[in-house]
Amino acid sequence: MTLQRNWRAAAAAGALALTAATGASAHSIAAVSNAVNFTFVGAAQVAVPGMTSPLFANAAGQRIVVTFSSECSVNAPAGNTGAWTDVDIVVLNAAGAVVQTLAPTAGPGDAFCASNGTAGFDGWETNSVTAFGGAGLPAGNYRVQVRARLNGGAVGGWFGERSMIVER
């Protein structure tokens, strides 16, 4: 009888541990996707079409986690294997102004995809980045947007099928 009671207690403790381990799951608050190919040129940072979330309410200081995935290619002169496209995932207030750039995507140092040494768009890759933020923002309505820029001698960037998910 004691062995059976100990077994039941161990099984109950194990089930409780599993429940506690999976209890803090994220939930999606916005998701967008776009299958239309997009190319861009120039030194200016550009908003990636279709990668702006709908407006969502966020409590003061509440964290968000954003995952962006896309097919990607970089056009650079032949022999240049050091050109890249980076992405910044930004939080916009209701008026459309940038109020936060999510870590680790701030600035041009994070390569999303890179050239492969041949001229033209080839060497396509599907890549993904997960960023987080929201801490320090006041309560309000926000959007999340993906922006891209060319670096290291890149002359063009290409994004294909892409998606973004915003979660808490």
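Each reported figure results from applying straightforward, stated rules to the coordinates on display, with no laboratory input. Here the structure is a predicted model, which is why all the values come from computation and not from measurement. Every residue, glycine among them, receives a Cβ derived from its backbone with ideal geometry; neighbour counts consider all protein chains shown.
Look at where the Cα atoms of the stretch 90-168 and of the stretch 52-71 average out, and the two centres are 12 Å apart.
Within the stretch 40-81, name every residue whose backbone N is under 15 Å away from a label modeled 7 Å from Cα of SER128 along the Cβ vector. Answer for the stretch 40-81: 65-72. Shown for the chain is the translational diffusion coefficient from the Stokes-Einstein equation, using the Kirkwood radius over Cα pairs, a temperature of 20 °C and a viscosity of 1.002 mPa s: 120 µm²/s. Computed FRET efficiency, Cβ-Cβ of ALA57 and ALA97, R0 22 Å: what is it to the nearest 0.05? With R0 = 22 Å, the Cβ-Cβ based efficiency is 0.80. Remark: spin-label model distance GLU161-VAL36 equals 1.8 nm, labels positioned 7 Å along the Cα→Cβ axis.
Between the helical axis of 2-22 and the longest alpha-carbon principal axis of the chain there is an angle of about 30 degrees.
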